Each structure stands twice: as structure tokens, then as C-alpha cells.
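Enquirer: Can you read through this structure? Questions will come right after.
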Amino acid sequence: MEQNQLIPDEIIISKIHLIRGLRVMLDSDLAELYGVETKHLKRQVRRNIERFPPDFMFELTSPEFEILRSQFGTLRHGEHPKYFPFAFTEQGITMLSCVLNTRQAIEVNIQVVRIFTKVCELLHAHKDILLKLEQLEHNLLKHEGRMDGFANDIQLIFAYLKQLLTPPPLPPRKQLGFKRKDEQ
């Protein structure tokens, strides 16, 4: 049974970002996909904010937005947004279909959730590959004395592959909000 695709998967995948170690989509990208204005999407989210806990949706910080802007050129230099974008996790995107009750939003939402599932499956497969690489490396170390320089080259390849399959740790974030004098 072939599913009716509104938007090519590649376009949706290109709008998935890794922020705070989570795969998310931004409000403006989702609004475009759903065929609504970003301000309408944000208005509906704010009206139903109890449906969007922090693990479903969060607002980008200024440094996060600057990094994103430098990567994708979302605004010309010197312009500043009035509000920072919302980032939605897979659960938040699912919740959006409840608050944006248009036919296109529901259909696109189903497609987006399916793509998030595929991405999770691919990442799981990468973990399996990493385990196999570690087993190979362990076996190689057993035979290292017989292979001399060749073993070093292979270990270097393993190190690069592990780097590619393991995302870098995120720097600690500064706590935001008001602090009493006794908390500082």
C-alpha cells in the first residue's frame, strides 16, 4: 500500500536539526510544511502551552539561534528576531496536529512522524555498526604483533569512524532566570 506523499522526504529530513542533543524541527519550517503562518502556529502553541512540556518543545536561546543563523543564514547580519524560534521534538510535532486542526497539517504531520521513526531506526543501525567496529578493533589488537604498521592504520580508521558515529558532547548551559541574592 503506497502512502500518499505531500512533500518529498528529503525536504523534511533537511529541516530536522540537532539542538541540545535532540532531533527537532523549527516552528517556521513546520509552519511552511503545514501551510500556515509561523505566527499562527506560535499563537496556537501559546494558547495550548500545557500540551507542550519542555521535552516536547522549547524556545531557542540567543546563542543557539546565532549558531543556527550562521549555519543557515536565516536572517541578514544585524537583524534580530522579536521572538526566538520554537524547536519541536517528535512528540511536540505529534501534539501540533491537535492544535493545528487543518487537513494539510494532519497529513504532513503523519509524514513527519514516519520520517522521525526512520531516522531513529537509522541511528540504531549506526550503534550496531559501532559495536561491530569495536569487536573488530578488539580482534585486531589481539593480532597486532603480527601486523605492525598495518594495525596502526586500521586503528586510526576506527578512531575516525567512532568520531563520526558519536556526536560531540554539548557545552554546559548557563542557568537563565531571576536569582535571589542568596543563590548567586
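Enquirer: Suppose we keep only residues that are among the charged types (D, E, K, R) and farther than 11 Å from Phe86 by Cβ within the stretch 45-72. Which one would you say is modelled with the lowest pLDDT?
Expert: Within the stretch 45-72, the subset among the charged types (D, E, K, R) is 46-47, 50-51, 55, 59, 64, 66, 69.
Of the ones still in play, those that are also farther than 11 Å from Phe86 by Cβ are 47, 50-51, 55, 64, 66, 69.
On the way: Arg47: 92, Glu50: 91, Arg51: 90, Asp55: 90, Glu64: 84, Glu66: 79, Arg69: 74.
Checking each candidate, the answer is Arg69.
Enquirer: Does the stretch 24-45 hold any residues that are of a type in the set (Val, Ile, Thr) and touching a residue at least 24 places away in the same chain (Cβ under 8 Å), and which are they? Spell out how you get there, then give the answer.
Expert: As a first pass, look at the stretch 24-45 and keep what is of a type in the set (Val, Ile, Thr): 24, 36, 38, 45.
Within the stretch 24-45, Val24, Val36, Val45 qualify.
The values are calculated or read from the model by the stated rules, or taken from the named source; none is laboratory data. Note that the structure is a prediction, hence the values are computed from the model and not measured. Every residue, glycine among them, receives a Cβ derived from its backbone with ideal geometry; neighbour counts consider all protein chains shown.
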